[in-house]
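Just below is one structure, and these are the notes that go with it.
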(Lines give C-alpha, C1' and ligand atoms only; values in the text may rest on other atoms or scores of the structure.)
Protein backbone atom coordinates (compact mmCIF):
# COMPACT_ATOMS: atom_id res chain seq x y z
CA UNK A 1 0.00 0.00 0.00
CA UNK A 2 1.45 3.35 -1.00
CA UNK A 3 1.18 6.54 0.98
CA UNK A 4 -0.99 9.37 -0.38
CA UNK A 5 0.88 11.92 -2.46
CA UNK A 6 -1.34 15.01 -2.35
CA UNK A 7 -1.26 17.83 -4.85
CA UNK A 8 -1.75 21.36 -3.56
CA UNK A 9 -2.35 24.66 -5.30
CA UNK A 10 -2.47 28.27 -4.28
CA UNK A 11 -5.98 29.69 -3.87
CA UNK A 12 -7.17 32.03 -6.63
CA UNK A 13 -7.17 35.01 -4.28
CA UNK A 14 -3.56 34.53 -3.14
CA UNK A 15 -0.94 36.86 -4.57
CA UNK A 16 2.76 36.63 -3.85
CA UNK A 17 6.01 38.02 -5.06
CA UNK A 18 9.49 36.73 -4.28
CA UNK A 19 11.95 39.47 -3.35
CA UNK A 20 15.55 38.60 -2.44
CA UNK A 21 14.56 34.94 -1.99
CA UNK A 22 11.69 35.63 0.39
CA UNK A 23 7.99 35.79 -0.49
CA UNK A 24 5.61 38.57 0.38
CA UNK A 25 2.16 36.96 0.39
CA UNK A 26 -1.25 38.64 0.22
CA UNK A 27 -4.42 36.66 0.86
CA UNK A 28 -7.05 38.96 -0.59
CA UNK A 29 -10.15 37.50 1.12
CA UNK A 30 -8.76 38.38 4.55
CA UNK A 31 -6.53 41.28 3.45
CA UNK A 32 -3.72 39.51 5.26
CA UNK A 33 -0.09 40.00 4.30
CA UNK A 34 2.82 37.91 5.52
CA UNK A 35 6.33 36.91 4.66
CA UNK A 36 7.92 33.52 4.04
CA UNK A 37 11.61 32.64 4.20
CA UNK A 38 13.46 31.20 1.22
CA UNK A 39 12.44 27.58 1.82
CA UNK A 40 8.80 28.47 2.53
CA UNK A 41 8.74 30.67 -0.56
CA UNK A 42 10.06 27.85 -2.70
CA UNK A 43 7.47 25.40 -1.36
CA UNK A 44 4.70 27.91 -2.12
CA UNK A 45 6.08 28.38 -5.65
CA UNK A 46 6.31 24.65 -6.32
CA UNK A 47 2.77 23.91 -5.08
CA UNK A 48 1.20 24.99 -8.36
CA UNK A 49 -1.57 22.40 -8.61
CA UNK A 50 0.38 20.11 -10.92
CA UNK A 51 3.09 18.57 -8.71
CA UNK A 52 2.48 16.00 -5.98
CA UNK A 53 4.36 16.66 -2.74
CA UNK A 54 6.92 14.00 -3.69
CA UNK A 55 7.88 16.11 -6.74
CA UNK A 56 8.17 19.20 -4.51
CA UNK A 57 10.55 17.21 -2.30
CA UNK A 58 12.49 16.06 -5.41
CA UNK A 59 12.97 19.69 -6.51
CA UNK A 60 13.99 20.89 -3.07
CA UNK A 61 16.39 18.00 -2.57
CA UNK A 62 18.42 19.33 -5.48
CA UNK A 63 18.41 22.87 -4.06
CA UNK A 64 19.06 22.33 -0.35
CA UNK A 65 21.45 20.01 1.43
CA UNK A 66 19.25 18.01 3.77
CA UNK A 67 18.47 14.34 4.29
CA UNK A 68 15.52 13.32 2.07
CA UNK A 69 13.53 11.69 4.87
CA UNK A 70 13.74 14.82 7.01
CA UNK A 71 13.00 17.05 4.00
CA UNK A 72 9.88 15.03 3.12
CA UNK A 73 8.59 15.25 6.69
CA UNK A 74 9.30 19.00 6.88
CA UNK A 75 7.61 19.68 3.52
CA UNK A 76 4.50 17.70 4.52
CA UNK A 77 4.32 19.50 7.86
CA UNK A 78 4.80 22.95 6.30
CA UNK A 79 2.26 22.24 3.54
CA UNK A 80 -0.27 21.34 6.26
CA UNK A 81 0.49 24.66 8.00
CA UNK A 82 -0.01 26.52 4.72
CA UNK A 83 -3.35 24.76 4.22
CA UNK A 84 -4.41 25.72 7.77
CA UNK A 85 -3.42 29.34 7.05
CA UNK A 86 -5.42 29.36 3.78
CA UNK A 87 -2.30 29.72 1.61
CA UNK A 88 -2.65 26.29 -0.04
CA UNK A 89 -5.58 24.05 -0.82
CA UNK A 90 -6.00 20.61 -2.36
CA UNK A 91 -5.66 20.87 -6.14
CA UNK A 92 -9.20 19.60 -6.64
CA UNK A 93 -10.75 22.13 -4.20
CA UNK A 94 -13.54 24.10 -5.78
CA UNK A 95 -13.58 21.93 -8.89
CA UNK A 96 -16.49 19.67 -7.91
CA UNK A 97 -18.83 21.61 -10.19
CA UNK A 98 -16.32 22.01 -12.99
CA UNK A 99 -17.05 20.19 -16.27
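The values are calculated or read from the model by the stated rules, or taken from the named source; none is laboratory data. Model, not experiment: these values are computed from the prediction. Here the Cβ is made from the backbone with ideal geometry for all residues, glycine too, and neighbour counts use every protein chain on show.
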> Which residues, taken from the range 27-48, are surrounded by 15 or more Cβ atoms within 10 Å (Cβ to Cβ) and touching a strand residue (DSSP E or B) at 6+ places or on another chain (Cβ under 9 Å)?
Replying inline: 27, 36, 40, 41, 42, 43, 44, 45, 47
>> I'd like to verify a number: residues in the range 10-26 that are in contact with a strand residue (DSSP E or B) (Cβ under 7 Å, 6 or more places away or on another chain) and farther than 13 Å from residue 87 by Cα, how many?
In response: 2
> Can you name the residue in the range 6-21 that is assigned to a strand (DSSP E or B) and either modelled with pLDDT of 90 or more or touching a helix residue (DSSP H, G or I) at 6+ places or on another chain (Cβ under 9 Å) (or both) and, of all such residues, is surrounded by the fewest Cβ atoms within 10 Å (Cβ to Cβ)?
Replying inline: 17
>> Restricting to the range 49-82, count the residues that are within 12 Å of residue 8 (Cα to Cα), without any contact (Cβ under 8 Å) to a residue 12 or more places away in the chain and surrounded by 15 or more Cβ atoms within 10 Å (Cβ to Cβ).
In response: 0
